1. Given an 8 Å cut-off on Cα distances and at least 6 residues of separation, report the relative contact order of the chain as a percent.
2. How many angstrom lie between the C-alpha centres of region 143-185 and region 571-639?
3. Report the full-extension gain for the segment E335 to I306: residue separation times 0.36 nm, less the Cα-Cα distance, to one decimal in nm.
4. Would you calculate the separation in nanometres between label points at K52 and C242, each defined as 7 Å from the Cα along the Cα-to-beta-carbon direction?
5. Given a cut-off of under 8 Å on Cα pairs at least six residues apart, what relative contact order in percent is computed for region 378-478?
6. Which of the listed residues, N594, V644, I457, is farthest toward the dipole's positive end in the chain, when Lys, Arg count +1 and Asp, Glu count -1 at the beta-carbon?
7. So who's got an amide H within less than 5 Å of the one on H766, skipping anything under 5 residues away but keeping other chains? H placed 1.01 Å off N, in plane.
8. Per 0.36 nm of contour for each residue apart, how much would the distance between E578 and K674 grow if the chain were fully extended, relative to their Cα-Cα spacing?
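The values are calculated or read from the model by the stated rules, or taken from the named source; none is laboratory data. What you see is a predicted model; the values in this text were computed from it and never measured. Glycine gets a Cβ as well: all are built from the backbone with ideal geometry, and neighbour counts include every protein chain shown. We work out accessible area using only protein heavy atoms, side chains counted, and drop any ligands, DNA or RNA first. Shrake-Rupley method; radii C 1.70, N 1.55, O 1.52, S 1.80 Å.
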Amino acid sequence: MYLKNLSLVCKLYRLIITPLKCFHTNSRHNPAFQLPSFLQSSSIALNLHQGKQVHAQLILNGITTANPLLLAMYLRVGSFTDAKNLFYRMDLGCIKRWNLMIRGLVKMGSFHFALMFYFKLLGCGVSPDNFTFPSVVKACSALNYVRCGTLIHELIMLMGFEVNVFIGSSLINLYVENGYTSLARNLFDKLPVRDCVLWNVMLNGKGETKPNEVTFAAILSVCGSDGMVNFGTQLHGLVVSCGLDSDSVVANTLLSMYSKCGWLSDGRKLFDMILQADLVSWNGMISGYVQNGFMEDALCLFSEMISSGVKPDSITLSSFLPAVTGLGSLRKGREIHGYILRHGIPLDVFLKSALVDVYLKCRAVDMARNIYNQSTKFDIVMCTAMISGYVLNGLSNDALEIFRWLLKEKIRPNAVTLASVLPACTDLAAIQTGKELHSSIIKNGLADRCHVGSAVIDMYAKCGRLDLAHRVFRRLTERDSVCWNSMITSCSQNGKPEEAINLFRQMGRTGTKYDCVSISAALSAIANLPALHFGKEIHGFMIKNSLVSDLFAESALIDMYAKCGHLDLAQHVFDMMELKNEVSWNSIIAAYGNHGHLKDCLVLFDKMLKNKIQPDHVTFLAIISACGHAGKVNDGVHHFKSMVEEYGIPPRMEHYACMVDLLGRAGRLDEAFKAIQSMPFSPDAGVWGTLLGACRSQGNVELAEVASRHLFDLDPQNSGYYVLLSNLLADAGHWRSVLKVRSLMKERGVEKVPGYSWIEVNSTTHMFVAADGSHPQSKHIYSLLKTLLLELKREGYVPQLYLRMNPKEIVS
């Protein structure tokens, strides 16, 4: 034992004393700074004798010993006398020293001394804080000094600490342990936060009435709402021990709790153990499956319910219909609707809303409209379902019409309604309406809601105001994955792939968990750079984190590999997919179309139909675009008509832009212009810009001037349109008109944005701007370009020097 103690003292000497010879006392390496970590180290278990040796060595070396950690050490080893002597040599005006002493005495079990020091603290004129009272109340509780505890409680109330969860818990424990349950209950009801420990204290307290089924149902409901599944399972055990597990109310509340917390396997076990499951039990289990995305299980259970002779009610069907929506089964939706009508089930607002949602998401717009028009009572839920459904089906004008109607009827829109109607503004490029909605959102205090903020960000970004989208994003006090995803997607879709990737990295640094949407948005940005090496890194991340089974992330991978020039890797990802939906097929069809393989594109489209995958507006956009790349105008027109007439898909803005491009490439500019004039909504800058580009390639000045007038109104700060028109006019020799365009640019303060290009070599992306000399190999690059230009001239290339002229050179 002596040798062991000697060894430890030597170790202490080396750790504390030896470094004194190496460092100055004012150095950051001073052992006084090492003292806290040493005295708190759990790797060195000190007894009183060893602790005193350390204390003595510190005194010999001139290090101050009025240190709270030395005090804590004496309290930890149980030496009240040494702790008291050291304590009185400290600054007694500091509440932290008193708290340390009182807490240490309570831990030692010296409750009388702890209370004595508390009263000495008051006598010294030191004000206790929120860290003082839990230990003091604990001492009262241990000594059963309820009277003393109530006096301390009065001071706690005066100081405003009563609702502090730690102090409140200590007081409740004091009252419960001594049978003062009414006092405990009064304080319990005042606490804003009640954790599992508090609930247990209240339930198991002395003198407390034995909890009944109403008590358990109430508490289990709280557990389900707040996700307190661990506490809920403890209560489940208590339910069984109290013999209430066969009570239908308690069993159904338990089932609801497990469902809401995502513990479906436990919920199903409980459901199967119920001897006679009532309608509430069936509804709870079906709803649990739907809420957690287990649509097939919900469908099976619903069929089992019908087979067992239990008749569903409106709540059952309202809960079950989202499963039909999730499975995209219009046939099943019609069957349920027929069942409702045959059995005379009351069509309340919730059931009507669920039916409307099914029909709209299964593209049966007329059926949804009939249900809506036949309704005599409307609420915000049904109106919201119609608005979101109309937007989903490209009927944005109808969506805005319903929104205006509900405002007229003084039905107040909620956060979900506003988040649903904003995409309608996006589709119609109605930024002014979007701004009005944003103003209403701010006035109603909904701007900080993550899903509303995300919708506002998306609206501004898609209307070309990425600056406003950034501003909204920065002002959000809380950002969930949806907000981050919206901003990353916005940057990616607005030609800012570098910003998108930077945001993706920032998202990871903030600790926000990546999901399939984050991955898809990042991959989309990478595809636009392109940066294959980073894309492969994300592919590896997906494999490591089991995200490769997500259809949307895999589809984004297909798109990324295709745009990075690796069609073989894109095909490989597609082939390896276990399940394929319309997004997966759209991605591979677009991949082949963008690479100019129209034949393969159409073969894939046929396979998609044979696999009973219904094409959507994106499918046809990819096919029409592929026809444009291949110069197959008639095929493109055929598929456009097929989309509208055979599949009932209304054309969107991008379809018209694609048709204008298709016809423009073939020189059929009059048809392209007629297509624009036939649009059911106002063309955006993208459509007119496509026509202007076609006019440039075909040399049609007259139509170009028509397109440019619209463009200069819709997007007056886009330098590309001015330059495109200027170059077209220069081609035609209209020099004075060129000068007018350049003057207009100057008058409006429009600056030509320099174009840049990039290439990836050995996993490094190299970017180049016109006349750029910043690249480390620029001399070699320009030398090679000069050689290539000489070769081009030998082949007959004549540079168009007027494209680089300024207005003065044109006049002269």
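1. Values: 983 pairs, mean separation 28.5, N = 812.
Over the chain, the number comes to 4 percent.
2. Cα centres, region 143-185 to region 571-639: 71 Å.
3. Numbers: separation 29, 0.36 × 29 = 10.44 nm, distance 1.33 nm.
This chain segment gains 9.1 nm when fully extended.
4. Each label point is offset 7 Å from its Cα along the Cβ direction, giving 5.5 nm.
5. Details: 117 pairs, mean separation 23.3, N = 101.
It rounds to 23 percent for region 378-478.
6. Highest projection toward the positive end goes to I457.
7. Residues meeting the criterion, in which the H sits 1.01 Å from N, are I759, E760, V761.
8. Details: separation 96, 0.36 × 96 = 34.56 nm, distance 4.44 nm.
In short, 30.1 nm is gained.
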